[in-house]
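Read through the structure below, which is laid out as structure tokens, and then see the notes.
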Amino acid sequence: MSEAQTSKMAVSDETVIKIHKMHKWYGSFHVLKDINLDVKRGERIVVCGPSGSGKSTMIRCINRLEEHQQGDIIVDGVELTNDLKNIDAIRREVGMVFQHFNLFPHLTILENLSLAPIWVKREPRKQAEETAMRYLERVKIPEQALKYPGQLSGGQQQRVAIARSLCMNPRIMLFDEPTSALDPEMIKEVLDVMIELAEEGRTMICVTHEMGFAKTVANRVIFMDGGEIIEQNEPNEFFDNPQHERTQLFLSQILAH
Amino acid sequence: MSDSREYAVGTHPDLPPPLSTSGAIGWIRGNLLSSPTNIILTVLSIYFLYKVVPPSLNWLFFDATFNGDSRQDCREASNGAGACWAFVKHRFHLFVYGFYPVEQRWRVDISFILLPLALWPVLFDKVPYRKHLLKFSIAFPFIAGWLLIGGFGLTPVSTDYFGGFMLTLVIGVTGIVFSLPIGVALALGRQSNMPVLRVICVTFIEFIRGVPLITLLFVASTMLNYFLPPGTQFNLLLRVLIMVTLFSAAYIAEVVRGGLQAIPKGQYEAADSMGLKYWQSMQKIILPQALKISIPGIVNTFIGLYKDTTLVIIIGLLDPLGIGRASLADTKWTGLTTEIYVFVAIFFFLSCFSMARYSLYLENKLHTGHKR
Ligand SMILES: Nc1ncnc2c1ncn2[C@@H]1O[C@H](COP(=O)(O)OP(=O)(O)O)[C@@H](O)[C@H]1O
Ligand SMILES: [Mg+2]
């Protein structure tokens, strides 16, 4: 699909994620510094930056896999504090896809998908399994439903992981380098699924170095370095006309090959 | 090198492997005779088996005496060449029931029959009416307890009369059944982020692991009296059961902790990110995997526990080993030590070997695809 089409897709004015003056430390190591980020409903954000710049840590703060020490994070109107009720509420609305898939190896694909709907949303098993099958069809591997994750290829596992998140019907999806553990020939099948998701207008924050993907679907590209957001812009401007010299250096490095 | 190819490039079909690598001959060649060292080992093993197996079989079966009323009978029957199983046969009821009253032994028999029935649906999952049978399995400890101890319409039998295999099974099964959940709870407590709970669990585990079981049994048999209010009657067998259970629970806890540590952080994160609560992610995600990894260690602990039940002899309970030693005092049968110990050894070996095989079966059953 063309860029024109994607950018036409609705982005509402409603802010779904608001990160305000957020800081995080690992011990005495200041890993995130003064992060400010507003994400509108339906927005698709790509986060890039050198390894160790804090990209994963930032998006993991959004669903409280990591705890921030200063500043505010408000997701869907709920503020992230130590209140377990808030954390649970946010996690129900935020899906996450990991670099290493993190499927549950002792459960079949179908069980992987229906587990959270059954136990978190208290859906009847039958309904949860039907939903699961629907999403497996969406990611084009319904025939694998009764296999175990260990029997699938990396690309298939990652598509299952995406389907698993979708089964909770989250309003926001976080992706942490979903294609960097994949063999080259499998990257496309996963990106295709992600592009389809973007077309539906689901809010997405995606840490990735797939610049083609960023150009196709992102409304905004964010560049991080040293725990700070250095620069953010809409994709064309970001790639053609990077402002900060660290951005220029980074782009020249990853576009070099 | 010849460049004549049987198949055009890209059309080579799948062929069966050549005969020499499959079939019996292939197996022998590959596994027994693959290198000079291997050949030497094979020859030595055959020689060893030749030296050991036939004499053992002779002693155990072919030259053995199965009937008789005293050692003298055995000597006359086989010139003392084979085992005198008549002795064991003569004492068999003691080995099985201990000193359980003769007219009440049917209660032990029923418990023996019900035990495999209760274990069956727990150990295997392709069991007809498994759900209903499992209810029976849960009820079994209470049923067996009632049958053995009596009361509620049955003549009460003091646990002082328990002995033999029956005592081994009572201690072994109770210990196994209760130490697993307690051990898992301790392991989870040790990993908890609540400092008080963690300290309690660590202290408990390290204390129990740091003290020999015999010491704990002595504490159970004597010292508890000092701690309990004077005059309290606290059944000796019950104390032993508690000590044995706690002892093996501490070991199970460490085995399970190892399993928990082997679970990648990503599994916890995936469960958390989907909104599962602590107990849900433990029950559905973490423990099934951690316990699966821990199966060899858990079964190993169970086997240890089962064999350690023989230690109760020290505080005066007569398990099969105790019965055996007591029997040796009988002047009519003096000197038949080997028979007694071989017999007891066979009993323990069969039980423990079954557990080991079951553990392998379970590992295979739970194996789901390739490891990454
Ligand atoms: N649990 C942790 N404890 C201490 N340091 C960490 C931890 N996780 C990540 N870090 C450090 O924080 C920095 C940012 O990590 P991360 O967010 O994973 O970077 P990125 O995803 O951009 O590669 C890195 O320097 C990393 O070494
Ligand atoms: Mg990362």
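Laid out as a table, the results:
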{"item": "Dipole axis of chain B (+1 Lys, Arg; -1 Asp, Glu on Cβ), positive-most option in B:CYS84, B:TYR47, B:LEU360", "result": "B:LEU360"}
{"item": "Anisotropy class of the range B:19-62 from Cα gyration tensor, a/c 1.5 cut", "result": "oblate"}
{"item": "Shielding by other protein chains, A:88-98, mean Cβ within 10 Å", "result": "3"}
{"item": "Inter-label distance, nm, simple model (7 Å from Cα along the C-beta direction), B:ALA139/A:ILE254", "result": "6.5"}
{"item": "Mean shadow area of the range A:1-107, taken as a quarter of the surface of its Cα convex hull (nm²)", "result": "9.4"}
{"item": "Shielding by other protein chains, B:288-295, mean Cβ within 10 Å", "result": "1"}
{"item": "By average C-beta atoms within 10 angstrom, highest first, the peptides B:304-313, B:252-261, B:343-352, B:30-39", "result": "B:252-261, B:304-313, B:343-352, B:30-39"}
{"item": "The protein assembly as shown, helix-only ellipticity at 222 nm - DSSP H runs n ≥ 4, -39,500 (n - 2.57), divided by all residues, nearest 500", "result": "-17500 deg cm²/dmol"}
{"item": "Residues B:TYR341, B:TYR251 arranged by fewest to most Cβ contacts within 10 Å", "result": "B:TYR341, B:TYR251"}
{"item": "Charge sum, other residues only, whose C-beta stays under 14 Å from B:LEU236's C-beta, Lys/Arg counted +1 and Asp/Glu -1", "result": "-1"}
{"item": "Computed FRET value (nearest 0.05) for B:MET194 with B:PHE124, which takes r as the C-beta separation and R₀ as 35 Å", "result": "0.40"}
{"item": "Calculated FRET efficiency for the pair B:THR155/B:ARG325, C-beta based, R₀ 30 Å, to 0.05", "result": "0.55"}
{"item": "GluC sites (Glu not before Pro) within the range A:186-250: DSSP coil, no more than 15 neighbouring Cβ in 10 Å", "result": "A:GLU200"}
{"item": "Neighbour-count ranking [beta-carbon atoms within 10 angstrom, fewest first] of B:VAL9, A:VAL31", "result": "B:VAL9, A:VAL31"}
{"item": "Antiparallel bridges, percent of DSSP beta bridges restricted to the protein assembly as shown (to nearest 5)", "result": "50"}
{"item": "Check: the protein assembly as shown dipole with +1 on Lys, Arg Cβ and -1 on Asp, Glu Cβ, in debye", "result": "1820"}
{"item": "For B:THR331, B:THR159, A:THR81, order by how many other beta-carbon atoms lie within 10 Å, fewest first", "result": "B:THR331, A:THR81, B:THR159"}
{"item": "Label-point separation in nm, A:ASN241 to A:ASP38, each point 7 Å along Cα→Cβ", "result": "2.3"}
{"item": "DSSP bridge orientation in chain A - percent antiparallel, rounded to nearest 5", "result": "55"}
{"item": "Neighbourhood charge, 12 Å Cβ-Cβ cut-off, centred on A:ARG202 and excluding it, Lys, Arg +1 and Asp, Glu -1", "result": "-2"}
{"item": "For the protein assembly as shown: rounded, prolate or oblate by the Cα gyration tensor [a/c cutoff 1.5]", "result": "prolate"}
{"item": "Ellipsoid semi-axes in whole angstrom, largest first, where each is sqrt(5λ) of the Cα gyration tensor of chain A", "result": "29, 22, 17"}
{"item": "Cross-link partners of A:LYS18 among aspartates and glutamates (Cα-Cα below 12 Å; sequence separation of 8 or more within a chain)", "result": "A:ASP38, A:ASP72, A:ASP76, A:GLU79"}
{"item": "Local net charge near B:GLU269, Cβ-Cβ under 12 Å (Lys/Arg +1, Asp/Glu -1)", "result": "+1"}
{"item": "Paramagnetic reach from B:GLN283 (point 7 Å along Cα→Cβ, amide N under 15 Å) across the range B:163-198", "result": "B:185"}
{"item": "Full-extension gain in nm, B:VAL53 to B:LEU15, via 0.36 nm per residue minus C-alpha separation", "result": "9.4 nm"}
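Every number here is computed from the coordinates shown, using simple stated rules; none is lab data. Fair warning: this is a prediction, and the values are worked out from it, not measured in the lab. Cβ atoms come from the backbone with ideal geometry, glycine included; neighbour counts cover every protein chain shown.
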